[in-house]
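The values are calculated or read from the model by the stated rules, or taken from the named source; none is laboratory data. It should be emphasised that the depicted structure is a prediction, and the values quoted were computed from it without experimental measurement. Cβ atoms come from the backbone with ideal geometry, glycine included; neighbour counts cover every protein chain shown.
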Amino acid sequence: MRVHYFAGQADLSDDQIYATVYGDHTDADWSATDMVLIRLADELHDTVDVSDQLWTDLKESFSDEAIMQLLMMAGYYRTVAYVANGLKLPLEPVVGRPFPAQRS
């Protein structure tokens with residue numbers, strides 16, 4: 001769970017960390033840019049595609065080159081996850097924390 005490793009550098013609040021596991025782009029106090037990035041990650045994960053509306057929203061904040069880089073980074077991360085999980089690699093000690101507990 002890399003969010004614990006990068007949370008300090010990204011200045012994420014506890015609510016934002018929680019939302020990365022149990023919420024969506026409308027939870028926590030995300031900036032407009034953060035919300036569109038979360039939507040991108042969610043859509044790619046759920047549909048392996050980018051809807052026309054999301055593409056339009058991405059273009060409001062990012063250049064074509066930046067969008068291409070975001071897509072490449074998401075694909076790279078997914079590839080690393082497939083390999084690491086498929087090989088049953090142990091979690092790195094620095095990121096080996098559990099997900100935040102689900103709130104009632």
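Values for this structure:
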| quantity | calculated |
| --- | --- |
| Every residue from the stretch 1-25 that is among the charged types (D, E, K, R), modelled with pLDDT of 85 or more and not in a helix (DSSP H, G or I) | ASP11 |
| Lone qualifier among ASP49, ASP15, ASP42 - being under 13 Å from the mean Cα position of the chain (by Cα) and free of Cβ contacts under 8 Å to residues at least 60 places away in the same chain | ASP42 |
| Checklist (1) surrounded by 14 or more Cβ atoms within 10 Å (Cβ to Cβ); (2) over 18 Å from ALA19 (Cβ atoms) applied to LEU40, failing item | (2) |
| Residue within the stretch 19-27 that is closer than 26 Å to ARG103 by Cβ, surrounded by fewer than 10 Cβ atoms within 10 Å (Cβ to Cβ) and in contact with a helix residue (DSSP H, G or I) (Cβ under 8 Å, 6 or more places away or on another chain) present | no |
| Cβ-Cβ under 6 Å pairs, at least 6 apart or on other chains, the stretch 64-76 side in contact (Cβ under 8 Å) with a residue 24 or more places away in the chain, far side surrounded by 12 or more Cβ atoms within 10 Å (Cβ to Cβ) and not hydroxyl-bearing (Ser, Thr, Tyr) | ALA74/LEU44 |
| Residue in the stretch 45-52 that is among the acidic types (Asp, Glu), surrounded by fewer than 16 Cβ atoms within 10 Å (Cβ to Cβ) and not in a helix (DSSP H, G or I) present | yes |
| Condition check for ASP57: at pLDDT below 90, more than 12 Å from the chain's Cα centre (by Cα), surrounded by 10 or more Cβ atoms within 10 Å (Cβ to Cβ) and at negative phi | no |
